[in-house]
């Protein structure tokens, strides 16, 4: 926040893009850092943080908009910089009367303690998204535990339903007749790649606790070769060794490995065995509505 306000200290009009560029130079950000996204992938982290800094400064009365995406420092902002602050954060802004009034959090100075829900380096979006990811991770762990405690037949049915929800196998009825039909030579089932059945995918499904190593993958590839197949999916409730993940068949066979963690993630993504509890909408100002105001 301090470098942001210092950039505006000349009293001139500044644009969002210009300020972002100067801040990026100040912090010596790399291209990778500039292109880093929030967990949701909906926005880039750096401009999101700058936007929130600008928002907090507006609430403190330190900057004002001149026109769309253009702003400058106010007299209040200049006076604050004249105090030679060594940093600016939410703890400090919460002592500013204008900020207190606009946020509805009027407090005495001595009421702001170390336990007050104060400044982190994260923006509200980052906090919300990281909280979501934490909830999602816990849900995935619970799902995987349920799957491991289920019967082999239930796991087989779950795999079928997931593949169908992902767009493979046509209908549950068609896919159900395919999975479990083979059951030998390292292949647990065959499923249509598309609804018309123009190609097929061979499936190996292991409800295991043990880590799946390279020999198991090689055995699966060999089974595919015996069937003249080129595509296979190996699904397990455990995980794969690095050797297994790095193994690449020399022929044109394409193998996709899905471990327990990925299996649970796919189930969440495709709403299998989970239900929605709450939906939160994040909204922002529609600048087009205000036009040139």
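Filter the stretch 40-55 down to the residues that are touching a strand residue (DSSP E or B) at 6+ places or on another chain (Cβ under 6 Å) and within 25 Å of residue 85 (Cα to Cα) and list them by number.
none
From the residues in the stretch 40-80 that are part of a loop (DSSP other than H, G, I, E, B) and modelled with pLDDT under 90, which one is nearest to residue 137 (Cα to Cα)?
40
Being more than 20 Å from residue 127 (Cβ to Cβ) and surrounded by 17 or more Cβ atoms within 10 Å (Cβ to Cβ) is true for just one of 11, 77. Which residue is that?
77
In the stretch 213-234, what residues are touching a helix residue (DSSP H, G or I) at 6+ places or on another chain (Cβ under 6 Å) and part of a strand (DSSP E or B)?
Initially, the stretch 213-234 is screened for residues touching a helix residue (DSSP H, G or I) at 6+ places or on another chain (Cβ under 6 Å), giving 213-214, 217, 232, 234.
Selection gives 232, 234.
So for the stretch 33-54 (the condition being under 24 Å from the mean Cα position of the chain (by Cα) and at positive phi), does at least one residue qualify?
There is at least one residue in the stretch 33-54 that is under 24 Å from the mean Cα position of the chain (by Cα) and at positive phi.
Of the residues that make up the stretch 81-89, is at least one at pLDDT 90 or above, in contact with a strand residue (DSSP E or B) (Cβ under 9 Å, 6 or more places away or on another chain), farther than 21 Å from residue 265 by Cα and surrounded by 11 or more Cβ atoms within 10 Å (Cβ to Cβ)?
yes
Would you be able to say whether some residue in the stretch 22-39 is assigned to a helix (DSSP H, G or I) and in contact with a strand residue (DSSP E or B) (Cβ under 6 Å, 6 or more places away or on another chain)?
Looking for residues that are assigned to a helix (DSSP H, G or I) and in contact with a strand residue (DSSP E or B) (Cβ under 6 Å, 6 or more places away or on another chain), one finds none in the stretch 22-39, hence no.
Whether any residue in the stretch 254-269 is part of a loop (DSSP other than H, G, I, E, B) and at pLDDT below 90 is what I want to check.
No, because not a single residue in the stretch 254-269 is part of a loop (DSSP other than H, G, I, E, B) and at pLDDT below 90.
The values are calculated or read from the model by the stated rules, or taken from the named source; none is laboratory data. The structure displayed is predicted, hence computed values, not measured ones. We place every Cβ from the backbone using ideal geometry, glycine too, and count neighbours over all the protein chains shown.
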